[in-house]
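Heads up, the thing below is written out as structure tokens.
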Amino acid sequence: WLANQSSYFSFKIWVTVPNRAMGPMVAILPWVLLCLPVTAIRDGWNSKIDSITLDPSITLDPESKNCEEGQKTRKLLQQLGYRGPLDGDHCTWPGITCDDDSCTVKSLECETCSGPLPKRIELGSLETVHLSSPKLKGDIAAFSGMEELYWLQLSGTQVTGDIGALAETKVQYLHLDGTGVHGDLRAFAELGLWDLDLTATAVEGRLGDLAGEVNSLGYSEKMQSLHRLRLGNTSVTGNLSDLLAFGDIQVVDLSHTAVAGGISQAWTRGRCEFLHTLRLCNSSVHFVPGQDLQELKRHKTDDWHKVLPKLRELDVSHCPVNSAVENLLLPLAMSAQLTSITAADSGLHGELPKFTDTEAIVDGSKVANFTFPVAKSLLMLDLSNNNVSKLQDLPVQPGLGRILLRQNQQVTVEPVVLVEALKQEIMVDLSGVKAANDNEVSRIVKGGIVPTTDMLAFRNESAGYACKDVVGSVTVNPPEFLPETLCQCLPGWHGAGATCQICPADEFSNGTGLEKCTKCPGNSTSPPGSAKLTDCICGFGSLHDGMCSCDRHQALQKTGCTVCSKLHLQCHIAGIPASSAKPEVGHARLEPSSKEARKCLPPDTSQRCPGSHDCGLGYSGTLCTSCTNGFWAKQGRCKPCSKASWTRICFLALLGGVVVVIAAVLVYWRCRQARTQSVSQLASVKSLLQKRMVIQ
């Protein structure tokens, strides 16, 4: 419009900018003053700019008294130990966010602010505060009266005080977990919270007090919009059914609280329909429905009649559930979004029910070969440290699912389930479990249907056994699950399976799986647990061919080994007793059983005693001093007899025999004659005596 004016005129430009923009404006103002007239001439303006005047109501100095917000912000940050820059426009400082149209501070975020909180924060326009330094101290009352505050996060700090100080704020997101605050839950009943985290604080009160007044439908008047409620590790009490008052609740953590109770038919018909995370571990909740149990086992396909239709995570570990495992799982069987059920050490017992290809009552009708929706969504089923007695189904997703049955003592594991778990790569943890049907499981293991390691991969040196392990997605503790099939006693031990005893002293076992130990050879000893023959230490010599005997060039004499040269014996190989070793050349034993040899008499000692068990040819007797038949002694040597001499010797021997016979005949004849005469004389004497007796 100005360019189209033909007349020459002058005008003034009034510049009005927000105070928060004065810093940048001061920098560009000289260029504006210089370039504006030039631009006007270039564009053909026939005009004149008299002056450019800044609005006197504003200032170029952000630290002036007209910007009190900046001064308050600087003061607060200095007290909190803020480490960032504190010069220039406060809205540009790290962690500070201002309103778009003014210098009003709306957000404060600081991870390093460790100074104490002031008694009262004067930035009343703050909407969000996030202070996370674990060194931050102060009283929660510093935030009282801040009507614009709706997000306060002080997690993990050392802030203390009564939570009642926040009752007059508009806070909706409150994270005080891990702080030292205390107070009663009823202080928040009127706030209309959206997210409340008081985990690990000294807060107490009843869960129902947080809901405040409820309407005719049972919903909280003020807290119906509560989405996330975390009260774990607090002294909060109440009943699980108090959660039904929070219509929009999505996440609940009541772990390590005194909250009790369980679900019932009241949990259907759209109640807590958005709840997807429910953590109750180490609480007093038993969860399992009471008198409504059978009704909740009659499953419905529409969400209106389901229990917690959006539930994704349930944790009742270490809770007093104390019921059959089917009573916990079947009421949730229609939950199509449920991915994790954790119920470790919760007093569960009985058989894990079938969820696939089973008979069920659905929408009032009995259905065969039915697969519950939970079996298609579940990724984790943790039933560790319970008393589950039978695994007959795999109600988790193939390739991703995990079933934990650790420390369940004895479990009957259907062989087909074990095979399917390996085939579908479903992780089944049976650590600390003994197979109750060990004969059935043993058959598929021995048959190679369930693969095992080739080597003894699992070892327990202190108990003396080693085991093969199952290969694949199934985890077992071999000595507990199937000891007789998978385990063997180590060398130095004896027994069967994983029941092994150490070999006693003076015995050994040199292989795996030996039921008995072997005694050490005679005259040897060994310590307990000996694992090889060489552990047996001989009392003399050393082991040779499994026996204790003397080494080469030594021989056993009495109870020790003696150098054979001292005994004049030949011991060219080890293990020869002195009684059976050959004498040295020129030596012989005095007796066959003698354990040493003596030097033979000359001459020709090498021929007389040739170094063997027998004398040389023609010699015999002690130290081979006599001649054998066919030899005769001549000058100390045994010479063979000649043929002529032998004939004469035979003739003389025959003649001597004849003479002996004749002499014997003569002696016999003389003896017989003398006997005849004696008999005649005895007859005469007898006759004479008889006559005398008659005369008398």
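The values are calculated or read from the model by the stated rules, or taken from the named source; none is laboratory data. Because the structure is predicted, anything quoted here is derived from the model rather than measured. We place every Cβ from the backbone using ideal geometry, glycine too, and count neighbours over all the protein chains shown. Remember, those area values only see protein heavy atoms, side chains included, never the ligands or the DNA or RNA. Shrake-Rupley method; radii C 1.70, N 1.55, O 1.52, S 1.80 Å.
For the range 377-476, GluC sites (Glu not before Pro) are listed when DSSP marks them as loop and at most 11 other Cβ atoms sit within 10 Å of their Cβ; the list is 461.
In this structure, the amide hydrogen of residue 459, modeled 1.01 Å from its nitrogen in the peptide plane, lies closer than 5 angstrom to those of 467, counting only residues at least 5 positions away or on a different chain.
Between the range 475-550 and the range 419-445, how many Å separate their Cα centres? Between the Cα centre of the range 475-550 and that of the range 419-445, the gap is 32 Å.
Please sort by residue number the trypsin sites (Lys or Arg not before Pro) in the range 520-584 whose DSSP state is loop and whose Cβ has at most 15 other Cβ atoms within 10 Å. Answer by residue number: 532, 552, 558. Accessible-area rank, largest first, for 608, 186: 186, 608, with all protein chains present and a 1.4 angstrom probe.
Binning all Cα-Cα separations of the range 197-333 at 5 Å, short to long from zero, yields these whole-percent fractions: 2, 11, 20, 25, 22, 13, 6, 1, 0. For the range 127-141, putting each phi into the Karplus relation 6.51 cos²θ - 1.76 cosθ + 1.60 with θ = phi - 60° gives couplings of 10, 10, 10, 9, 10, 10, 5, x, 8, 5, 10, x, 9, 4, 5 Hz, in residue order, rounded to whole numbers and with x for Gly and Pro.
Protein heavy-atom accessible surface, 1.4 Å probe, per residue over the chain: 52 Å². Placing a pseudo-label 7 Å from each Cα along the Cα-to-Cβ vector at residue 655 and residue 559 gives an inter-label distance of 6.5 nm. Taking every DSSP beta bridge that has both ends in the range 309-435, the antiparallel portion is near 15%. Near residue 229, once Lys and Arg are set to +1 and Asp and Glu to -1 for all other residues with Cβ below 9 Å from its Cβ, the sum equals -1. The relative contact order of the chain, computed from alpha carbon pairs under 8 Å that lie at least 6 residues apart in sequence, is 4 percent. If you keep only loop residues by DSSP, which chymotrypsin sites (Phe, Trp or Tyr not before Pro) in the range 545-634 have at most 13 other Cβ atoms within 10 Å of their Cβ? Answer by residue number: there is no such site.
If you take the Cα centroid of the range 320-374 and the Cα centroid of the range 136-180, the two points sit 43 Å apart. DSSP beta bridges confined to the chain are antiparallel in about 35 percent of cases.
For residue 639, a cut-off of 30 angstrom between C-alpha atoms picks up these lysines, skipping any fewer than 8 places away in its own chain: 582, 599. Counting pairwise Cα distances across the range 100-149, what percent come out greater than 17 angstrom? Counting pairs separated by more than 17 Å, the tail of P(r) holds 36 percent. If only the Cβ of Lys and Arg carry +1 and only the Cβ of Asp and Glu carry -1, the dipole of the chain around its Cα centre is close to 8820 debye. The eigenvalues of the Cα gyration tensor, multiplied by 5 and square-rooted, give the chain an equivalent ellipsoid with semi-axes of 117, 42, 25 Å from largest to smallest. Want the number for residue 122 to residue 221: 0.36 nm per residue separation, take away the alpha-carbon distance, what's left? Stretched fully, the residue 122-residue 221 segment lengthens by 32.5 nm. Taken over the range 446-523, the alpha-carbon convex hull comes to 86 cubic angstrom per residue. From its DSSP helices (H runs of at least four residues, each -39,500 (n - 2.57)), the chain gives a residue-normalised ellipticity at 222 nm of -6000 deg cm²/dmol. Extent along the principal axes, Cα only, for the range 151-229: 41, 22, 21 Å, with the longest axis given first. With θ taken as phi - 60° and the Karplus curve 6.51 cos²θ - 1.76 cosθ + 1.60 applied, the whole-hertz 3J(HN,Hα) list for the range 654-660 is 5, 4, x, x, 5, 4, 4 Hz, x standing for glycine and proline.
Segment residue 298..residue 186, full-extension length gain: 36.5 nm, with 0.36 nm per residue of separation and the alpha-carbon distance subtracted. Working from label points 7 Å from Cα in the Cα-to-Cβ sense, the residue 537 to residue 274 distance is 8.1 nm. In the structure shown, the pairs 434/516; 106/135; 532/558; 170/222; 390/446; 310/354 are assessed against 18 Å; a Cα-Cα span above that value is assigned to 434/516; 106/135; 532/558; 390/446; 310/354.
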